[in-house]
Amino acid sequence: MPYQQLFYVPVYSNIYVDEDNPKVMVSATLSIRNTSLSNSLYVTKIDYYNTKGDFVRPYLTKSIELPPMGTLNYIVEKQDDTGGDGANFVVAIESEAGNVQPLVETVMIGTFSNKSFSFKSDSILINDAIPDGYFSSPKPKTK
């Protein structure tokens, strides 16, 4: 496929507030949005890694077609601290159209004392060597 990209997406399962209450658990939503009005995306892999960089679990067992203007959401529950404060997702997306621009981000929500808060993290592209198995076909060679 002409478009094949890997995204690194930071996700926080906890944050540090102060010395007396060092860790507050948060829930996180991974959001993958197809911003194209006419082309589908194919999400081929979503892998979850912990703070140490160890693979925790896959979030997909098979590819999912994301139609034009469609959105996929995956939740990391508030009680799930397997990722830690430096967890991340690696998301593989491909498309038959070469000019698509997916939006991949996480939104974290939590409460502390009598206050609630939310924040988001944007993805970045992974541009180094991509291991086999992330895409349905080999990544096209760049010229």
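The values are calculated or read from the model by the stated rules, or taken from the named source; none is laboratory data. Keep in mind that what you see is a predicted model, and the values were worked out from it rather than measured. All Cβ positions, even for glycine, are placed from backbone atoms using ideal geometry, and neighbour counts span all protein chains on display.
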Checklist entry - What number goes with the only condition from (1) part of a loop (DSSP other than H, G, I, E, B); (2) over 19 Å from Asn127 (Cβ atoms); (3) modelled with pLDDT of 95 or more that Thr106 does not pass? => result (1)
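Scan segment 57-65 and tell me whether some residue there is assigned to a strand (DSSP E or B) and surrounded by 18 or more Cβ atoms within 10 Å (Cβ to Cβ). Spell out how you get there, then give the answer.
To start, the set of residues in segment 57-65 that are assigned to a strand (DSSP E or B) comprises 57-58, 64-65.
Then keep just the ones that are surrounded by 18 or more Cβ atoms within 10 Å (Cβ to Cβ); that gives none.
Taking every residue of segment 57-65 in turn, none turns out to be assigned to a strand (DSSP E or B) and surrounded by 18 or more Cβ atoms within 10 Å (Cβ to Cβ).
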Item to check | Residue that is modelled with the highest pLDDT [pool: residues in segment 113-143 that are of a type in the set (Ser, Thr, Tyr) and farther than 16 Å from Phe89 by Cα] | outcome: Ser118
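Conditions tested, residue by residue: (1) among the aliphatic types (A, V, I, L, M); (2) in contact (Cβ under 8 Å) with a residue 12 or more places away in the chain; (3) not in a strand (DSSP E or B).
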| site | (1), (2), (3) |
| --- | --- |
| Gln4 | no, yes, no |
| Ser38 | no, yes, yes |
| Gly83 | no, yes, yes |
| Phe89 | no, yes, no |
| Ala92 | yes, yes, no |
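Please verify whether Gln79 is farther than 25 Å from Asn34 by Cα and exposed (fewer than 13 other Cβ atoms within 10 Å of the Cβ), treating the condition exactly as stated.
Working: farther than 25 Å from Asn34 by Cα: yes; exposed (fewer than 13 other Cβ atoms within 10 Å of the Cβ): yes.
Against the criterion (farther than 25 Å from Asn34 by Cα and exposed (fewer than 13 other Cβ atoms within 10 Å of the Cβ)), Gln79 qualifies.
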Checklist entry - Out of curiosity, is Met25 at pLDDT below 95, farther than 19 Å from Ser121 by Cβ, among the hydrophobic types (A, V, I, L, M, F, W, C) and surrounded by 13 or more Cβ atoms within 10 Å (Cβ to Cβ)? => result no
